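The values are calculated or read from the model by the stated rules, or taken from the named source; none is laboratory data. Note that the coordinates shown come from a computational prediction; the quantities given were computed from them, not determined experimentally. Note that each Cβ is placed from the backbone with ideal geometry, even for glycine, and that neighbours are counted across all protein chains shown. Side chains are part of the model used for accessible areas, which takes the heavy atoms of the whole protein and leaves out ligands, DNA and RNA. Shrake-Rupley method; radii C 1.70, N 1.55, O 1.52, S 1.80 Å.
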Amino acid sequence: MAKATWVGMMLALLVVTMAGVHAASTFAITTYTAEMTNTQVTPMTGPEGRYGTAVCLYDRNASPPLLDCEVQHNVDPVAYGPLTASIRRGAPGSTGEVLYAFDEPVFFNARQLFQLEPKPLSNGFEYGLFLQEEDFLNGRWYIEVTSNFFPFGEVRGNFGHTHNFFSRLHGDFVLPVPVSTQASGVALGTYTISNPRRTLVMKISHTVQNPTEITINRGNRNEDGPVEYIFENFTSPVRESIQYTVDKQKDLFLEEQFLQIVSADTSLSEVRGQIIPIDYAAPASYTARLDGSQLRPAVATAARGCAIVTYNCETSSIEYLIFHSVQFPTTADVRISDTNNFNGVGEGEIVFQLPRAKSPIFGVRKLDPTTFNALVQNRLAFNIRSSNHPNGEIRGGLTNYKYPYYAYLSGTSITPKRTTSAVGCATFRTMEELSDGTTVLDYDIQHDVFDPIGVDLFVGTEGTEGVFNRQFVRTLSPISGVNEHLDPKTLNEFQVGRTFLQVRSNRFFDDIAGELRGQIYKVLDIPCPAPLPPSTIDVLSTLADPPPDWNLPPLESQASMSFVISFFTLFSGLFFALFY
């Protein structure tokens, strides 16, 4: 059977398997972006006016990892071609070797799925997968378009965690009838909740030949909704600031808005793309602290863990972050207990394996009715096994009441945003009130910042600088205790979501804002307590039922992949290609 035909059959099967399911994209999907210019080329040689945008989705759960990248630029492939596009290793201002090259020929838009693999470098060093992930997540990879005229680069941009939204615009997404067009676009957006207040700055790079209008419309990817904003400019590149109301802000983060570009050739939308949030943590409903004491018999270990879980009523899915310090993890699973006091090894059925054991563990999973009922009854637990403790080294039962306050620590929560591989997780509960009127705070803060110099509590709303309140006594993770007391005013701010954590580091020592930040919120009750209709547990091994609405057109370049990958890895990769 021809490879292209076989790939097409796999795509068709995935369409049937995942049809009709929808979920918003949030922090479980690692998305990095790049704004490309000629001024970033080292040495700068290309002509002025060159620009581009790029977006890459990194699937750390796949084995080996997968990178789905799309680049949009304005370098003329006829006048300056043939063009090449490649991903290289190098921090801003430096140059590096080609790691992954797009298939040629490269036109104004190129998109490809790369399977990461160890790379031999010219200095004889083998560039392994661990270092590749660290470099990519810390902003030390860049994308570059080159030509025969400018072999050192026409445009370049380093990948970073620097945007809040992206959109991939293609004719395939137009409703009610898809449009057959060579035009395309990639849009990147930054959003500020305050200073300036509720403002989206959108940059759009596109190749629509005769554009007449660019709009933001309300509606999910299956709706053709009304216009909510009309851009003043429609000639690429477009850069515009948009003021949002509270209601429209909610639609934006719930993936209920899309971009479309109208052209004179079609008199209607020629390309369209859903606006997708990046690293957005939806309100959590469950938390857990993981340690060895929750296993039976208890395990003596210094390892700890923290978990945050959200629930999407529309898709019957949980989205989770598990952060832990187990040194040699082997597997991780979710178990269900017969009682709401989860006790030990041998009690409880393994309902599904997690996509990986190495921290951090991000994932999305559709729940069947039995597992959903166990979740709302506080009978689910995360279990991390290790080579030293094959039955489990740490475990944590999910509850909506034991540790009702939490924070997701990320570099994207800071202004300006930090491109870092570090993340963190924190859980809290308030305890007894003391005779002096203060309240004891039980806290557990975990992070993987390489060189922390301070962990602080600030009073302030999301997006503001805040007012320093205190520094915790430890900086190295885990940071836990019951030795912090909140006065009545601070307690009130804490309980209503007006406090945040930040982790400062030597890497960003010149900025008080630190490397990680996370707003402290209270868990929210699941708004759909009734049992859900039966659902099929996904067979995708690497993503543990990821959101199937990933906004991508078909990838013709997939058929040209020359390497052979395993059945499940290919399933995961094609899923990336089809749905995002």
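Per residue, the convex hull spanned by the Cα atoms of the stretch 212-315 amounts to 168 cubic angstrom. Each peptide in 174-180, 33-39 gets a packing score, the mean of other Cβ atoms within 10 Å over its residues, and the list from highest to lowest is 33-39, 174-180. Over the stretch 372-417, accessible surface divided per residue gives 32 Å², non-protein components excluded, 1.4 Å probe. Cross-link partners for K119 among the aspartates and glutamates, with Cα-Cα distance under 20 Å and sequence neighbours closer than 8 places in the same chain left out: D59, D68, E97, D103, E133, E134, D135, E144. Here the convex hull built on the C-alpha positions of the stretch 392-519 has a volume of 118 cubic angstrom per residue.
For the stretch 161-282, the gyration tensor built on C-alpha atoms gives a prolate shape. Its axis ratio a/c (a ≥ b ≥ c) is at least 1.5, and a/b is the larger of a/b and b/c.
Taking 29 Å as the straight-line reach from the Cα of K248, the lysines in range (excluding those fewer than 8 positions away in the same chain) are K203, K366, K417, K522.
In Å, what Kirkwood hydrodynamic radius results for the stretch 79-222 from the alpha-carbon pair distances? When all Cα pairs of the stretch 79-222 are included, the Kirkwood radius is 17.9 Å. Sorted on the mean count of surrounding Cβ atoms within 10 Å across their residues, most packed first, peptides 115-122, 148-155 read 148-155, 115-122.
Take the Cβ atoms of L129 and T331, set R0 to 25 Å, and the FRET efficiency comes out at 0.85.
Residues S236, S63, sorted by accessible area with the largest first, give S63, S236 [1.4 Å probe; ligands and nucleic acids excluded]. Shown in residue order for the stretch 459-466 are the 3J(HN,Hα) couplings computed by the Karplus curve 6.51 cos²θ - 1.76 cosθ + 1.60 at θ = phi - 60°: 9, x, 7, 4, x, 9, 5, x Hz (x for Gly and Pro). Summing Lys and Arg as +1 and Asp and Glu as -1 over all other residues whose Cβ lies under 13 Å from the Cβ of Y408 gives a net charge of -2.
Working ranking of peptides 197-209, 83-95 by packing, defined as the average number of other Cβ atoms within 10 Å per residue, highest first, is 197-209, 83-95.
Each residue of the stretch 140-154 was assigned a 3J(HN,Hα) from its phi angle through the Karplus curve 6.51 cos²θ - 1.76 cosθ + 1.60 (θ = phi - 60°); the sequence is 9, 10, 9, 10, 9, 10, 10, 9, 5, 6, 10, x, 7, x, 8 Hz, with glycine and proline shown as x. Label sites at L434 and T199, each approximated as a point 7 angstrom past Cα along Cα to Cβ, lie 4.3 nm apart.
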